[in-house]
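Let me begin by presenting the structure, written as structure tokens, before commenting on it.
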């Protein structure tokens, strides 16, 4: 059985198990429907999703939608972080509202970092995502000072109990209450874009973060006033989820609104409607908002493959030699790449005779995930490696050139981003 641990070192050998065990859907079938798909989509690096159809529908119809994700400032932003940053930026370019959370509460209570250190590292993440192309219309915030997120977390915490958190995350008796509360804050982060108005929201994450997505989808439903679903008899049923003191007022209001369009039958604790579930849900949303409810839509998500670390295995912020930070000295970064694990054979002769294994090569992974935008160029590199026409030294040399050019350009844009910070809507974090 695959274990998904948001704070651990989840390693996934076969991503297809996630479809079977957790209900994640394959992303491949959607790619051809997406206008100008990102290279991470085209290349199957984004491999799975939950209800991305809602985002695609909004994108194609020019309807409101949002993208949000977060970064825990427990280490330097690296090329693994860059994947999520690029997904946020791509969705913003496609018309979505962009939200970026710096998870400093999580870094403070789970990793033990000081508030000052969280603020310092968080600022570096912000500079990098701006340098990569995030537009000023985005909302960027630190959890510690975003009051509406913390207030929403209190509301959500009333809908989940300890047994459920233990079941989802495997918390033991030694886990602090503050740590246990961080998933609820993350759920509030994910639902934050809908506080002003309900809309589809996509959260790009690695598969190890799926427990947060599953919990948030549950909580989005639980805090809403109405449960709306299509029954076996073809009718739409609506059950109110409010206090006994409010149920009469709310249910009567909803019944009045629905009767303008549909035949409605009223029962002691619910309504039954002859109509489409989508339209009934729209009416229920309108009524809920008028009564001060949330009317949240369950969030969508995309999942990208883990990028192999330079030394093999998972890239880890606790192993600086396994990753390249976006702020690394350029020469030092190139040196790391030149020492990286490859998929080459033990000798030049075997490489020419048998070909290399690009699937097992961390240098090729850098080209695949990040450094080569042109698909035809990437295919050429892959086939030359496979056919024994390309040696590891040549590949490292070309990858190093791409890396050097990227880092020089990115770090220059980071310096320029410092002067642009005032143009962005940023809620800065707390400092002690």
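The values are calculated or read from the model by the stated rules, or taken from the named source; none is laboratory data. Since the model is a prediction, treat every value here as computed from it, not as a measurement. Glycine also receives a Cβ, built like all others from the backbone with ideal geometry; neighbour counts cover every protein chain displayed.
Screening the candidates 322, 362 for the property of being touching a strand residue (DSSP E or B) at 6+ places or on another chain (Cβ under 9 Å) and either free of Cβ contacts under 8 Å to residues at least 24 places away in the same chain or more than 26 Å from residue 210 (Cα to Cα) (or both) yields one hit, 322. Taken over segment 177-198, the criterion of being in contact with a helix residue (DSSP H, G or I) (Cβ under 7 Å, 6 or more places away or on another chain) and not in a helix (DSSP H, G or I) is satisfied by 195, 198.
The one condition from (1) within 29 Å of residue 57 (Cβ to Cβ); (2) at pLDDT 95 or above that residue 209 does not meet is (2).
For residue 302, the conditions (1) crowded, with 21+ Cβ neighbours inside 10 Å; (2) over 30 Å from residue 413 (Cα atoms); (3) in contact with a strand residue (DSSP E or B) (Cβ under 6 Å, 6 or more places away or on another chain) are fulfilled apart from (2). Look at residue 95 and say whether it is in contact with a helix residue (DSSP H, G or I) (Cβ under 8 Å, 6 or more places away or on another chain) and on the phi > 0 side of the Ramachandran plot. Yes: the conditions hold for residue 95. Against the numbered list (1) surrounded by fewer than 23 Cβ atoms within 10 Å (Cβ to Cβ); (2) under 25 Å from residue 65 (Cβ atoms); (3) out of contact with any helix residue (DSSP H, G or I) (no Cβ under 6 Å at 6 or more places or on another chain), residue 136 comes up short only at (3).
Of the residues making up segment 375-397, those that are in contact (Cβ under 8 Å) with a residue 24 or more places away in the chain, part of a helix (DSSP H, G or I) and surrounded by fewer than 17 Cβ atoms within 10 Å (Cβ to Cβ) are 375, 386. Residues in segment 24-41 include none that are crowded, with 19+ Cβ neighbours inside 10 Å, under 16 Å from the mean Cα position of the chain (by Cα) and assigned to a strand (DSSP E or B).
Screening residue 174 on (1) surrounded by fewer than 21 Cβ atoms within 10 Å (Cβ to Cβ); (2) touching a residue at least 24 places away in the same chain (Cβ under 8 Å); (3) out of contact with any helix residue (DSSP H, G or I) (no Cβ under 8 Å at 6 or more places or on another chain) shows it passes everything except condition (2). When segment 398-432 is examined, which residues are found to be within 23 Å of residue 82 (Cβ to Cβ) and in a loop (DSSP other than H, G, I, E, B)? Correct list: 419, 420, 424, 428, 429.
I'd like the full set of residues that are exposed (fewer than 13 other Cβ atoms within 10 Å of the Cβ), part of a helix (DSSP H, G or I) and either more than 36 Å from the chain's Cα centre (by Cα) or in contact (Cβ under 8 Å) with a residue 24 or more places away in the chain (or both), limited to segment 326-353. Across segment 326-353, the qualifying residues are 349, 353.
All of 346, 352, 324, 408 fail the test of being outside the structural domain of residue 78 (by TED's automatic domain parsing) and closer than 22 Å to residue 46 by Cα, apart from 324.
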